[in-house]
Amino acid sequence: MDVSKSARFLSISRLEAASLIILALISYYALKCIYLLYYHPLARFPGPRLASMSDLWISSSIATGRHPFRMVKLHQEYGDVVRIGPNWLSFATLQAYQDIYGRPSQGKKLFLKFAEFERPGDISTTRDPDLHSLQKRALSKGFSAAALRDQEVIVQQYADLLVRQLSSLGQGGKVATNIGEALNWFTFDVIGDLAFGEPFNALLNGSNHMISLITDALRYSGVIFLRRQRPYVGPLIARLLFPRHLEETHLEYQKLADEKSAKRILRGDLDRQDFFSHLIRDHRITKEELMATAWTLIMAGSETTATALTATIFYLLRTEGVLQKLRDEVCTKFDSSDQINDGSTKGLEYLSAVIEEGLRLFPPLALGLPRESPGAVIDGHYVPPGVCVSAENFSLSYDSRFWIEPQSFKPERWIGAGIEGDNKAAHVPFSEGPRSCIGKSLAYVEMRLILAKLVWHFDWVLASTDLDDWNQASMCYALWTMPKLMVEFHPRQASSVY
Ligand code: HEM
């Protein structure tokens, strides 16, 4: 109905009509807030008041890039269950982690992925358990132990190319290299080759435009969340909270990922055992689903491993004695770089310990992974259906109930019986259950080879002297934006790369 006509009909002025509308809106929101704070089914759970009243709290917290750090503090302040949205609970116990992400025992229902983050057809966000298991079964052929043995040759090839590039770009140690960037070239080429049968040539070119889009492309999911939550004001709020270029970046990344997968589909050649060939061969998976999954494969298969390696290298350089111990282990074991392979590095306990400790202190996926409660008990608390729930591996990593001196980089935790008082069940960097990481074994091969080769070939000198606290300098927007980690790589005498 036309407001001015109704106002005339009721013989009130436009101003009075506008005031009435504003008053009605304020009353509506005030009543809604009272309901959310005191009468909502989640009202009994503690948390910041603003978070209980509006999704703006979580959106703005994620937009700041400091959300994982905030969550550690919030759990210290409010306890093991915190209400971080009107309809969102965060948990910080091992039992809760298992209840939410673990494989449901008989008679229990699965926690589906949360609808607001879904990208239809994409293996990592799809809600449909049937489509997910179809894709995962097809894809897992490319991640089997036998497949991994064949893939190792390819990973080796790029690891050696990385060593050569570090040597030449770094001019034998005279020039510092941003190792985070170089590691991204490596993981990106590996995933290009393993997933689509051709590298992105990032290592050869010393750059790749698509890599620069990844973090922002995923960060855009924060905008999508807001738009879905609030179709009217969401886009406006998103503009205030997130940089404007995110949408463009997201679309550009999508276009490049689509092109890569379209090219692979067109090429046919299904005898080549790359990840995509397994998906293409299953005719039940549609072209749209293939494209959507390519989006994730490139991102999940590259940025995560590069992040883990970069942070681990920082901790190795900043923690007294650990780099030397790692070097002693690697150099005692190998007389030549050719001997460094997956089989020969598997038994290196200090190397494995360094990798676990890096993943613990800086898990590449550090935001809580949102799931929808099917109406279930989580660590003793009944959570009604439809509520979004999560448990952050980052909070578990920094919880002194689970780790002695949680902030310290101590590879010894992972050797033998480890440190008394540590609880290794709190280490879940690859998550658990049916939606856990499919690329875990590949990531370990990459991490072992790279760290072993880099310490075997080079003496490392940290050139970024201003970096004291890695966590303070890093921002988490679903994926991490890390500071430049400038390192000089001085070829060691035994190394013949130079
Ligand atoms: C250190 C490296 C890595 C870490 C820490 C990591 C971590 C994770 C985590 C926590 C998840 C669960 C996400 C969720 O539940 O929403 C996940 C899923 C996934 N990861 Fe990884 N990942 C790594 C490397 C890789 C690699 C190398 C690949 C290879 C392509 C990969 C492919 C995937 C895929 C496809 C999924 C979705 C699985 C599903 O939904 O069933 N990841 N990853």
By residue number, the members of segment 171-191 that are more than 15 Å from the ligand (Cβ to nearest atom), in a helix (DSSP H, G or I), closer than 14 Å to residue 313 by Cβ and in contact with a Phe, Trp or Tyr (Cβ under 9 Å, 6 or more places away or on another chain) are 179
How many residues are surrounded by 18 or more Cβ atoms within 10 Å (Cβ to Cβ) and farther than 28 Å from residue 215 by Cα if we restrict to segment 62-97? 5
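Going by the conditions given, is residue 263 more than 14 Å from residue 139 (Cβ to Cβ), touching a residue at least 40 places away in the same chain (Cβ under 8 Å) and more than 16 Å from the ligand (Cβ to nearest atom)? Please lay out each step first, then the result.
Values: more than 14 Å from residue 139 (Cβ to Cβ): yes; touching a residue at least 40 places away in the same chain (Cβ under 8 Å): yes; more than 16 Å from the ligand (Cβ to nearest atom): yes.
Yes.
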Residue list for segment 293-323, filter: surrounded by fewer than 24 Cβ atoms within 10 Å (Cβ to Cβ) and either farther than 30 Å from residue 177 by Cα or away from the ligand (no atom under 15 Å from the Cβ) (or both): 317, 318, 319, 320, 321, 322, 323
Condition check for residue 160: assigned to a helix (DSSP H, G or I), buried (at least 17 other Cβ atoms within 10 Å of the Cβ), free of Cβ contacts under 8 Å to residues at least 60 places away in the same chain and among the charged types (D, E, K, R): no
Report yes if residue 373 is of a type in the set (S, T, N, Q) and crowded, with 22+ Cβ neighbours inside 10 Å, otherwise no. yes
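Working only within segment 128-151, note down all residues that are of a type in the set (Lys, Arg) and within 11 Å of the ligand (Cβ to nearest atom).
Applying the first criterion (of a type in the set (Lys, Arg)) to segment 128-151 yields 136-137, 141, 149.
136, 137, listed by residue number.
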One residue from 391, 376 being within 21 Å of the chain's Cα centre (by Cα) and in contact (Cβ under 8 Å) with a residue 24 or more places away in the chain: 391
Residues in segment 412-428 that are over 17 Å from residue 319 (Cβ atoms), of a type in the set (D, E, K, R) and part of a helix (DSSP H, G or I) total 1
Does at least one position in segment 454-471 carry a residue that is among the aliphatic types (A, V, I, L, M), within 25 Å of residue 302 (Cβ to Cβ), at pLDDT below 95 and more than 16 Å from the ligand (Cβ to nearest atom)? yes
Quickly run through segment 82-124 and pick out the residues that are of a type in the set (Asp, Glu), over 15 Å from residue 386 (Cβ atoms) and out of contact with any strand residue (DSSP E or B) (no Cβ under 7 Å at 6 or more places or on another chain). 122
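Is it true that some residue in segment 427-443 is within 16 Å of the ligand (Cβ to nearest atom), among the basic types (Lys, Arg), closer than 30 Å to residue 250 by Cβ and under 23 Å from the mean Cα position of the chain (by Cα)? Full working, then the answer.
Here is the first cut: in segment 427-443, the residues within 16 Å of the ligand (Cβ to nearest atom) are 427-443.
Filter once more, keeping what is among the basic types (Lys, Arg): 435, 440.
Now restrict to residues that are closer than 30 Å to residue 250 by Cβ: 435, 440.
Filter once more, keeping what is under 23 Å from the mean Cα position of the chain (by Cα): 435, 440.
Within segment 427-443 (the criterion being within 16 Å of the ligand (Cβ to nearest atom), among the basic types (Lys, Arg), closer than 30 Å to residue 250 by Cβ and under 23 Å from the mean Cα position of the chain (by Cα)), the answer is yes, since at least one residue qualifies.
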Residue ID - nearest to the chain's Cα centre (by Cα), chosen from residues in segment 10-31 that are part of a helix (DSSP H, G or I) and among the hydroxyl-bearing types (Ser, Thr, Tyr): 29
Counting only residues that are in contact with a strand residue (DSSP E or B) (Cβ under 6 Å, 6 or more places away or on another chain) and crowded, with 21+ Cβ neighbours inside 10 Å, how many does segment 444-470 have? 1
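Identify, from the list 274, 338, 269, 328, the residue that is modelled with pLDDT of 95 or more and more than 23 Å from residue 251 (Cβ to Cβ). Even if it seems obvious, please write down each step before you answer.
Working: 274 fails: modelled with pLDDT of 95 or more; 338 fails: modelled with pLDDT of 95 or more; 269 fails: modelled with pLDDT of 95 or more.
Only one candidate passes the filter, namely 328.
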Which one is surrounded by the fewest Cβ atoms within 10 Å (Cβ to Cβ) among residues in segment 330-350 that are within 21 Å of residue 145 (Cα to Cα) and hydrophobic (A, V, I, L, M, F, W, C)? 348
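The values are calculated or read from the model by the stated rules, or taken from the named source; none is laboratory data. Since the structure is predicted, the reported quantities are computational estimates derived from the model, not experimental observations. FYI the Cβ positions are ideal-geometry reconstructions off the backbone, even for glycines, and counts take in every protein chain you see.
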